[in-house]
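S.K.: Mind looking over this structure? Questions follow.
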Amino acid sequence: MAKMTREECIRQASSNFTPEQRRRMWGTERLDELTDEEISSGVRHQKLLRRDGKTGEILQDYRLARIRKYVHDYQQKYGVSDQNRRKALENVLVRSLDDSAGRVSIEANAQGITAIYQARIARAAEAMKPDRLGWRKQVQLLDDLADELHNPGTTRNAKAAQFAREVSQVLEDLRLRFNRAGGGIRQLEGWAMPHTSNPSKMARAGVEQYVEATLPLLDRNRMRTPQGRPMTDAELRDSLTVVYHNMVGEGLVEEGQGAQAIANRHQEHRQLHFRNGKTYRDYAQRFGDENYYKAITDHIERLSREIAFIETMGPNPAKAFERMTAGLDKAFLVNHEALFKNLAGMNRPDGNLLMNFNAALRPALSAAQLGSATLSSFSDVGTASVAAAFNGLGWSRMLRRVGSLTGEEARVFAARLGGSIDYALDNVGMAVRFDDSAGADWSQRLADTVFRASGLNAFTNMMRRAHFMEMAYTLASHRGKALDAVEPKFRRMLESYGVTPWEWDQIRKARTRQRNGEQFLDVTTIADEGVQTKLMGIIHQERDLAVLMPDTRTRALMNQGQEQGTVLGEGLRAFGQYKSYSVMMVMNNLYRYLSSKRLNMADRVGYITSLVVSTTLLGALSLQLKEVAKGRDPRNMRDPDFFKAALLQGGGLGIMGDFFFSDSNRYGQPGLVTALGPTGGFAYDVYRTGRDMIQDENLDASRMLRYTPGQSLWYGRLIFERNLIDQFERLTDPDYLTNKRVQVRRRKTQQGQDYYWPPARKFPSTPERAPDAGAATEKPPQRRDRSWINNVVM
């Protein structure tokens, strides 16, 4: 393609493209502000797309040039250094820690795209959501949905037919957007929905059995060659063999030399055409996942993430990232490679034995140990309120609205505005707050069941919904103002993400929807696709900071980008389990308010003080409720150690006291074992139990009972402990009653706290009074007492 002069480029761009297209391509409508290379690259990129509908190296170079321009401008503003270069590149991937990015990250865009398309299936999600304990009951509706997607009008189920039309349109629009970004998914006539091929099931069957079992399920009329003729038997077998090897040997993103471009993916998954919904379901049962609804929602989320990557970094993000970071040293704690791997999914390959075992074990441990996490979640009210005030939202109005956001009507209303359908998704329960990733289906479902039963899911989702609705309300209330007239805190929040006056004008044109006499901006009605995605990403990023949820940076810090299934990768994930909330509190709240470019020193002190005070008071409430749940009277709040414990509790450090401040935890495990995380503690308890059985020693039968899923539920743990665990320990330990009496007396002496339901008693009763100080038999402590921190436990 011949190189055009600057004047020719500007003339062609001005005549061929609308102002919106020029802004989308170059970031500005005034082309005379750009360099020759930037203008020429944009024009050539558009000509290439118009000529053959495909992308090439020029698109990769064009988008990489845009990133380099951003990095250059960032360093010009904050100083030329490797540190600022690294920060700028990290801002492209994830949210800036100090609000200095001036742009929306790939992570936020992926969240925004996902929410936009999920909003269009909100009614279907509500109808097919799990019940209150996380078990899906709409089996017939799911089957009918699969049948309607493959053969419309065959089920006579009006609801399934409606949902099928909505899902089909969403999947088609996602395909078109993927292609607009630079992808190349061909339109296949008769393609119904994503396949749920499971590499592990396929590998167990082997290629020959897979081919023979799948062949009779396919629609031979639609299985055609690229030239359009029906495939022969030999060609069908070859095609299925290719599908098998693509799935069994495929990772989420290929690395290294010859990496597969994301833009060229998703062809192998679309090659199979089943005769009807029944044959599709037979295939899913044998070689995939019978949860077809999950296949649809996972497909939306996965494709949204890839669209965000391509729109920012071009068709091959892995190669683009290598070029961008060439010669850049890694940071000490969170390096850019770990961020990219976590965001792109490169550290989650197809499972091996170690990965599958630990992925199943970690959620199962959460189901056994975190049933009382609800009592530790009240600090969400504090973090959400401070974050709302920081962004110019009405924190008191947000809290008043929480009670009205329960029930089907509220859930669907918020979801249709773009508030996400997380509450209706499988494997997106609150376990993600405490683990690096979702686990095996059965163990994740088990953990989700416990969190739903404890009330944690409902409370967290209501707080997240309330923050989203307050953001939508504030946007609607500012529609009549120009950007420079918007409330200063709210305007600074928008500008920190790079929202321009032109984009704000597009936001102001969006429609509103009314509920309970209030107007809320419907982000999904913003006409410009880029602005719609940007604003939705901003809202979801801020919501995840207000009601803390693990982000890419948190995961990168915890797993350092190490792959699952490796010894180091699994060890880091075991060590980091239950610690992510504390890390988020430090990085996404404390550090943000200390370093934000939007604040002066006085404001920083004010927000840090507000955060510490509010979370400490709420931590005190959590602490007292947990004392009651353990069978003890509330603690003396005049005790100085009480507010030390409340400070840590509100800061998300509830279980960390066991890890760092005691020689052995409350179940008798060495501190080193406890520091290795729940997985290490479980392995140690299994070892001790096996050792006792072999050596014929007194077997502590209660040790493994503590791993019973649901036994730690805050409203049932005491009944379980007193009527099962304590009774087993009485039978196996001759000194059990003596030790428990000492424990009760020590607590009475040191903290003035009685048990209203003492250990080893089946029913609540008045505890024995502690003896006089002179009659105490235990030795005085030889070091400073840190027993207060042992009470800050999950």
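The values are calculated or read from the model by the stated rules, or taken from the named source; none is laboratory data. All values reported here derive from a predicted model rather than from experimental measurement. FYI the Cβ positions are ideal-geometry reconstructions off the backbone, even for glycines, and counts take in every protein chain you see. When the accessible area is computed, the model is the full protein with side chains, heavy atoms only, and any ligands, DNA or RNA have been set aside. Shrake-Rupley method; radii C 1.70, N 1.55, O 1.52, S 1.80 Å.
S.K.: Under a point spin-label approximation (7 Å from Cα along Cα-to-Cβ), what is the Val80-Lys489 distance to one decimal in nm?
M.R.: So the two model labels end up 4.0 nm from each other.
S.K.: What is the calculated FRET efficiency for Gln727 to Tyr756, with r their C-beta to C-beta distance and R₀ = 22 Å, to the nearest 0.05? Before the final figure, lay out the partial values.
M.R.: Numbers: r = 19 Å, r/R0 = 0.87.
Approximately 0.70, to the nearest 0.05.
S.K.: Using the Cα atoms of region 491-584, I'd like the radius of gyration and the largest Cα-Cα distance, Dmax, both in angstrom.
M.R.: 18.8, 56
S.K.: Can you tally the net charge around Lys626? Count Lys and Arg as +1, Asp and Glu as -1, for every other residue whose Cβ sits under 12 Å from the Cβ of Lys626.
M.R.: My count for the surroundings of Lys626 gives +3.
S.K.: When the Cα atoms of region 713-765 are enclosed in a convex hull and the volume is divided per residue, what value in Å³ results? Kindly include the intermediate steps, with their values, before the conclusion.
M.R.: Details: hull volume 4.2 nm³, N = 53.
Per residue, the Cα convex hull of region 713-765 comes to 80 Å³.
S.K.: If you don't mind, another one. Using 7 Å Cα-to-Cβ label points, what is the Ser396/Lys278 separation (nm, one decimal)?
M.R.: 6.4 nm
S.K.: Scale the Cα Rg of region 275-390 by the rule-of-thumb value 2.2 N^0.38 Å and send over the ratio, two decimals.
M.R.: 1.52
S.K.: Taking the full set of protein chains and a 1.4 angstrom probe, give the accessible area of His72 in square angstrom, rounded to the nearest 10.
M.R.: Number for this one is 100 Å².
S.K.: Take each of the peptides 358-369, 721-732, 519-530, average the number of other beta-carbon atoms within 10 Å over its residues, and list them starting from the highest.
M.R.: Details: 358-369: 24.3, 721-732: 17.2, 519-530: 18.8.
Taking the mean over residues of other Cβ atoms within 10 Å, the ranking is 358-369, 519-530, 721-732.
S.K.: Multiply the residue separation of Val742 and Glu166 by 0.36 nm, subtract the distance between their alpha-carbon atoms, and state the gained length in nm to one decimal.
M.R.: On the way: separation 576, 0.36 × 576 = 207.36 nm, distance 6.49 nm.
Extra length available between Val742 and Glu166 comes to 200.9 nm.
S.K.: Shifting gears a bit: Sorted by packing (mean other beta-carbon atoms within 10 Å per residue), highest first, where do 62-68, 540-546 land? Working shown, then result.
M.R.: Numbers: 62-68: 19.1, 540-546: 23.1.
By packing density, highest mean first, the sequence is 540-546, 62-68.
S.K.: So for region 277-429, taking the charge dipole from beta-carbon charges (+1 Lys/Arg, -1 Asp/Glu), which of Trp395, Thr406, Gly345 sits furthest toward the positive end?
M.R.: Sorting the options by dipole projection puts first Trp395.
S.K.: Taking a virtual spin label 7 Å from the Cα of Val567 along the C-beta vector, which residues in region 352-374 bring their backbone nitrogen under 18 Å of it?
M.R.: 352-358
S.K.: Starting from the Cα-Cα distance between Ala234 and Ala203, subtract it from 0.36 nm times their residue separation and give me the gain in nm to one decimal. List each step's numbers first, then the result.
M.R.: Working: separation 31, 0.36 × 31 = 11.16 nm, distance 2.16 nm.
In short, 9.0 nm is gained.
S.K.: Ok, one more. Rounded if a/c is under 1.5, else prolate if a/b beats b/c, else oblate: with a ≥ b ≥ c from the C-alpha gyration tensor eigenvalues square-rooted, which is region 60-148? Walk me through the numbers before you get to the answer.
M.R.: Working: a/c = 4.74, a/b = 2.96, b/c = 1.60.
Note, shape of region 60-148 comes out prolate.
S.K.: Describe numerically, in nm with one decimal, the distance between label points set 7 Å from Cα along Cα→Cβ at Phe763 and at Asp692.
M.R.: 2.9 nm
S.K.: On the full set of protein chains, 1.4 Å probe, figure out the accessible area of Lys579 and give it in Å² to the nearest 10.
M.R.: Here the accessible area works out near 10 Å².
S.K.: Projected onto the charge dipole of region 510-578 (+1 at Lys/Arg Cβ, -1 at Asp/Glu Cβ, origin at the Cα centre), which of Phe575, Met536, Thr552 gives the Cα projection farthest towards the positive end?
M.R.: Met536
S.K.: May I pose another question? Can you work out the FRET efficiency for the pair Trp442 and Asp603, with r the C-beta to C-beta distance and R0 = 56 Å, to the nearest 0.05? Present the calculation step by step, with values, prior to reporting the outcome.
M.R.: Numbers: r = 48 Å, r/R0 = 0.87.
Result of the calculation: an efficiency of 0.70.
S.K.: Can you compute the FRET efficiency between Asp735 and Val628 using 1/(1 + (r/R0)^6), with r the Cβ-Cβ distance and R0 = 30 Å? Round to the nearest 0.05. List each step's numbers first, then the result.
M.R.: On the way: r = 28 Å, r/R0 = 0.93.
Once the sixth-power term is evaluated, E becomes 0.60.
S.K.: Between Leu676 and residues 5 or more places away or on another chain, which pairs have amide H atoms under 5 Å apart, with H built 1.01 Å from N, and which residues are they?
M.R.: Residues meeting the amide H criterion: none.
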